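Let me begin by presenting the structure, written as structure tokens, before commenting on it.
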């Protein structure tokens, strides 16, 4: 099993999800992405190439990486695990100081409606201090693999990622 890990805005390729996956022995590819300097279309193209060139079988996306993971899953029919996904980056990025064009995110947003329930696993923190629209996330993505952590915050380090990944990746 080869996993593509996609970090969030102003995040690190070596985020909590990546660390947990590597510790569990998974083969993980995790790129350092500069969301401010590279257009969303170019990031998406780069991630598509990683998936095809490296025979990726699963995607893990955290926050803004969850948005890209959802779009990739919808386009390529690849299973995705979303960690506090930022499914509406056009709302949140400007709040976080993003100065580039948000129109590509609005255009890509429509692809999320093509997600297949069988491919989606989602974990959210109910005390997320960055994303305040997890009710939208729940309404869109809730299934038997949807987990809500009452005291979880935005950082993956506040979520039980080790047990959650083990549960959804073993099934």
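For the reader, a short list of remarks on this structure follows.
- Flag for residue 91 being free of Cβ contacts under 8 Å to residues at least 60 places away in the same chain, surrounded by 14 or more Cβ atoms within 10 Å (Cβ to Cβ) and touching a strand residue (DSSP E or B) at 6+ places or on another chain (Cβ under 9 Å): no
- Residue within segment 125-132 that is assigned to a strand (DSSP E or B), buried (at least 20 other Cβ atoms within 10 Å of the Cβ) and at pLDDT 95 or above present: yes
- Counted residues, segment 34-67 - those being touching a helix residue (DSSP H, G or I) at 6+ places or on another chain (Cβ under 6 Å), under 12 Å from residue 5 (Cβ atoms) and in contact (Cβ under 8 Å) with a residue 60 or more places away in the chain: 2
- Checked across segment 73-85, the condition of being buried (at least 23 other Cβ atoms within 10 Å of the Cβ) and out of contact with any strand residue (DSSP E or B) (no Cβ under 7 Å at 6 or more places or on another chain) holds for no residue.
- Single residue of 163, 144 found to be within 20 Å of residue 19 (Cβ to Cβ), without any contact (Cβ under 8 Å) to a residue 24 or more places away in the chain and loosely packed, with under 13 Cβ neighbours inside 10 Å: 163
The values are calculated or read from the model by the stated rules, or taken from the named source; none is laboratory data. Bear in mind the structure is a predicted one, so any value in this text is a computation, not a measurement. Note: ideal-geometry Cβ built from the backbone for every residue, glycine included; neighbour counts use all protein chains shown.
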